[in-house]
Ligand code: HEC
């Protein structure tokens, strides 16, 4: 019992230390998306808000897709895309998620339609595309 108590104390200390580790932010010194848990609300939503929500808004949503914070998740995870028979986001499967094709510009290869996203702007940075990819790979959670 005593030894178990000590192990428990060590585990608790480790957990407390982990909890104190800084969260990810967009500075160069931070770990890559693939090396951490990507948060939909903290990491993905701001990307959509900056690059996508001007068109994907609730009044006349382009492509029937709303990417404003309050609506984005319900418009993505396990929701069929308008342009193909693929899901917009297939949780756990970035390669089966149409949104990846649209932001990579490979939508033609999956019989998609229209333009690469974001229309009229430079493509997302590789590091930003990676955030979306890893978020989907990690289960596409509303976290
Ligand atoms: C300037 C306006 C505009 C911007 C900015 C924009 N989109 Fe779009 N989006 C559209 C339009 C219009 C369509 C439908 C026609 C097309 O695909 O070209 C569309 C379609 C889509 C579709 C297909 C929806 C479906 O169900 O088939 C996805 C996915 C998408 N956009 C994601 C994004 C993402 C992610 C961003 C930001 C990185 C973004 N869009 C930025 C205008 C925009």
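Within region 97-112, which residues are touching a helix residue (DSSP H, G or I) at 6+ places or on another chain (Cβ under 9 Å) and more than 6 Å from the ligand (Cβ to nearest atom)?
97, 100, 101, 104, 106, 107, 108, 109, 110, 112, listed by residue number.
Looking at (1) surrounded by fewer than 16 Cβ atoms within 10 Å (Cβ to Cβ); (2) at pLDDT 95 or above; (3) in contact with a helix residue (DSSP H, G or I) (Cβ under 8 Å, 6 or more places away or on another chain), find the lone condition where residue 34 falls short.
(2)
Identify all residues within region 113-143 that are over 19 Å from residue 56 (Cβ atoms) and near the ligand (Cβ under 9 Å from one of its atoms); write none if there are none.
The answer is none; no residue qualifies.
Which of the residues that make up region 114-138 are over 15 Å from the mean Cα position of the chain (by Cα) and closer than 16 Å to residue 92 by Cβ?
Listed by number, the list is empty, since nothing qualifies.
Which of the following residues is touching a residue at least 12 places away in the same chain (Cβ under 8 Å), on the phi > 0 side of the Ramachandran plot and surrounded by 14 or more Cβ atoms within 10 Å (Cβ to Cβ): 105, 92, 63?
Answer to the check: 63.
The values are calculated or read from the model by the stated rules, or taken from the named source; none is laboratory data. It should be emphasised that the depicted structure is a prediction, and the values quoted were computed from it without experimental measurement. No Cβ is skipped: glycine too gets one built from the backbone with ideal geometry, and neighbour counts run over all protein chains shown.
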